[in-house]
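Notes follow once the structure below has been shown.
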Amino acid sequence: MGIEAVLLFLFYFVAPANVPLVCLLIVLINVIQLAATPLQWSMLSDVIDVEELRSGRRLSGIVFSTNLFAIKLGIAIGGALIGWLLAWGNYVGGAATQADAALEIIALLFTVLPGMLTLSLILIMYRYSLDDKKLALLNIAAPGHFPEPTTPDNLPRRADV
């Protein structure tokens with residue numbers, strides 16, 4: 001994610017006329033984002049497992065629904081923020097040309113602001129302490145706590161009625 005933040009900040013200084021470099025940066029930034037997205041969901045699963053060890057309650061529904069609510073809230077706030085910033089920069093929809101302030105806001109919305117958000121995410125994730133070593137220690141401390149994976153051989157059978 002650090003590389004993504006650096007690329008986003010560097011993107012601000014790339015001339016829009018340099019189309020090949022713009023395309024390359026967009027591809028690189030998106031590949032990094034796409035690679036990191038599945039990690040979020042696996043980290044949530046780790047949190048659920050640790051909470052089950054701690055409290056004895058499985059809270060997967062609450063954790064995943066809270067995460068989805070946070071995503072939706074972020075999309076709503078982000079969409080509103082974009083509109084407010086464009087209005088602040090005197091953006092005029094449908095105009096053939098835009099004010100310099102509007103063009104600057106658009107450039108910041110695509111580069112520096114996402115870079116700042118990525119840096120804030122790095123700071124937040126720095127506090128995440130569930131690594132492979134800690135999870136292995138928790139599994140050793142509570143052996144057999146989690147049910148065996150379901151296979152065709154150990155599926156529960158329903159009695160004939």
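Span-like helix criteria (full DSSP H runs; alpha carbon extent of at least 24 Å along the helix axis; mean Kyte-Doolittle hydropathy of at least 1.0) are satisfied in the chain by 19-55, 60-88.
Out of LEU59, LEU24, VAL112, whose Cα points farthest toward the positive end of the dipole of region 2-140 (charges: +1 Lys, Arg; -1 Asp, Glu; placed on Cβ)? Towards the positive end, the residue furthest out is LEU59. Given R₀ = 25 Å, FRET efficiency for PHE110-LEU39 by Cβ-Cβ distance, to 0.05? In this case the efficiency is close to 0.55.
Counting only Cβ charges, +1 for Lys and Arg and -1 for Asp and Glu, the dipole size of the chain around its Cα centre is about 300 debye. Within the listed set GLY94, GLY56, GLY79, the residue fluctuating most in the Gaussian network model of the chain (springs between alpha-carbon atoms under 10 angstrom) is GLY94. Calculated mean residue ellipticity, 222 nm, the chain: -23500 deg cm²/dmol, from DSSP H runs (n ≥ 4) at -39500 (n - 2.57) each, averaged per residue and rounded to 500. Each of VAL19 and LEU123 was given a label point 7 Å from its Cα along the Cα-to-Cβ line. The distance between the two points is 3.9 nm.
Quick one: divide the alpha-carbon radius of gyration of the chain by 2.2 N^0.38 Å and tell me what you get. Numbers along the way, then the final one.
Details: Rg = 22.9 Å, N = 161, 2.2 N^0.38 = 15.2 Å.
With N residues counted in the chain, Rg over 2.2 N^0.38 Å equals 1.51.
No value in this document is a laboratory result; all are computed from the given coordinates. Remember, predicted model here, so these are calculated numbers, not experimental data. Note: ideal-geometry Cβ built from the backbone for every residue, glycine included; neighbour counts use all protein chains shown.
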